[in-house]
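Where a number appears in this text, it was derived from the coordinates with a stated rule and is not lab data. On a predicted model such as this, the values are computed, not experimentally measured, just so you know. We place every Cβ from the backbone using ideal geometry, glycine too, and count neighbours over all the protein chains shown.
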Amino acid sequence: MNKNYDVIALGELLIDFTGSGESDQGNPLLEACPGGAPCNVLSMLCKLSKKTAFVGKVGKDMFGKQLRDTIREVGIDDRYLLDDEEVHTTLAFVKTYENGDRDFSFYRNPGADMMLKEEELPLDSLRDTRIFHFGTLSMTHENVRKATKRAVKEAKEAGALITFDPNLRPPLWNDLEEAKEQIEWGLAHSDVVKIADNELEFMTGEKDLDKAAAILKEKYPNIKLLNATYGPEGSCAYYKDERVYVPAFKLGGTIETTGAGDTFCACVINYVLDHPIDDLKKEDLEEMLRFANAAAYLVTTKKGAIRSMPEPEQVFEILNRN
């Protein structure tokens, strides 16, 4: 398929404030890390030499400028990133626990990423990408939800594969039933899905993750490749009648897990771009998961996400010694 872009993603671009010690007066110090799941994904894809673009909104403020400069720096096409004159850039405050898990507090009522409208979409470019990627933070409110669904429709009708990461953040939803409905919409319109273990249980009520995956595969036969991440336990690929599990890399040095799932997701998307999705073998799925797990591990050894994506050589170094 001859398209100008490999991947276009739509959604949130924000600042993750992460802890960085204490001042001399004992006050917490915070580092303003550029983040947001869609651009985390695109940043890793740029490391893997894919041509990417981002569709979204930031505020016309100092953080919006920082974010635009950052995505340009890592190689993401920013021409479809709009500035909102009135609403500020979305901010997230990340509390990290000793095991690397996180809690999020969002300043987003509203945030600029919510302000994207359907009529602002670059429709010609959405028809000119091999893959369109999205999550559900762009589906929490009506206008940006309409824009997201229109973008999916345009890309899909033009022959793009649709990739989806639910990326459930309960504090951003007024009602978790609404969150479930929008995740269901995403699952029903996607070819490739990356889903975390807690999201599998949320969507199915099933604690046995293999059973939960089977429920989703039966309910959404449109999903060609379902990838489930189990945090420090590794990941699984469910493809046709195959179930392939690869354990995580536990090599120490984990600081926080921000961006790990997005890095994993990007590596899966990269593999799908380079291999025919209708003809994957068990060994292909193992290769895909090993690379994705190794890249995700490396991201946990740094703060932030967009600027912390590993080089392919670093991933291969991990793979070659394990």
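Figures for the structure shown
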{"item": "Distance from the range 202-256 to the range 1-44 (C-alpha centre basis), Å", "result": "24"}
{"item": "In Hz, Karplus ³J(HN,Hα) per residue of the range 17-32 (6.51, -1.76, 1.60; θ = phi - 60°; x = Gly, Pro)", "result": "8, 10, x, 9, x, 10, 6, 4, 8, x, 8, x, 9, 10, 9, 8"}
{"item": "Exposure proxy ranking, count of Cβ atoms within 10 Å, fewest first, for THR263, THR257", "result": "THR257, THR263"}
{"item": "Set of the range 1-37 residues, backbone N closer than 19 Å to the point 7 Å along the Cα-Cβ line of ASP124", "result": "2-9"}
{"item": "Cut-off 15 Å, label 7 Å out along Cα→Cβ of ILE215, residues of the range 180-209 by amide N", "result": "180-181, 183-184, 196-209"}
{"item": "FRET efficiency, LEU273 to LEU29 (Cβ-Cβ, R0 45 Å, nearest 0.05)", "result": "0.70"}
{"item": "Efficiency of FRET from Cβ geometry, ALA188 and LYS240, R₀ 25 Å, rounded to 0.05", "result": "0.85"}
{"item": "Residues of type lysines that LYS153 reaches as a straight line, Cα spacing below 26 Å, ignoring anything fewer than 8 places off in the same chain", "result": "LYS3, LYS50, LYS51, LYS57, LYS117, LYS180, LYS194, LYS217, LYS219, LYS224, LYS240"}
{"item": "Estimated 222 nm signal from helices in the chain, with DSSP H stretches of n ≥ 4 weighted -39500 (n - 2.57), rounded to 500", "result": "-11500 deg cm²/dmol"}
{"item": "Over the range 1-77, relative contact order from alpha-carbon pairs under 8 Å, at least 6 apart, %", "result": "35"}
{"item": "DSSP-defined antiparallel bridges as percent of all bridges, the range 76-229, nearest 5", "result": "35"}
{"item": "Simple label model, 7 Å out from Cα along Cβ direction - ASN198 to ASN143, nm", "result": "3.0"}
{"item": "Under the Karplus curve 6.51 cos²θ - 1.76 cosθ + 1.60, θ = phi - 60°, whole-Hz ³J(HN,Hα) for the range 243-255, x wherever Gly or Pro sits", "result": "10, 10, 10, 10, x, 6, 8, 10, 10, x, x, 5, 9"}
{"item": "Fraction of alpha-carbon pairs over 38 Å apart in the chain - percent", "result": "8"}
{"item": "Cleavage-rule hits, GluC sites (Glu not before Pro), the range 90-154, DSSP coil, Cβ neighbours within 10 Å at most 15", "result": "GLU98"}
{"item": "DSSP-defined beta bridges in the chain - what % are antiparallel, rounded to 5", "result": "45"}
{"item": "Rounded to 5, percent antiparallel among DSSP beta bridges of the range 188-310", "result": "65"}
{"item": "Theoretical gain in end-to-end length, LYS117 to GLU311 [0.36 nm per residue, Cα-Cα removed]", "result": "66.4 nm"}
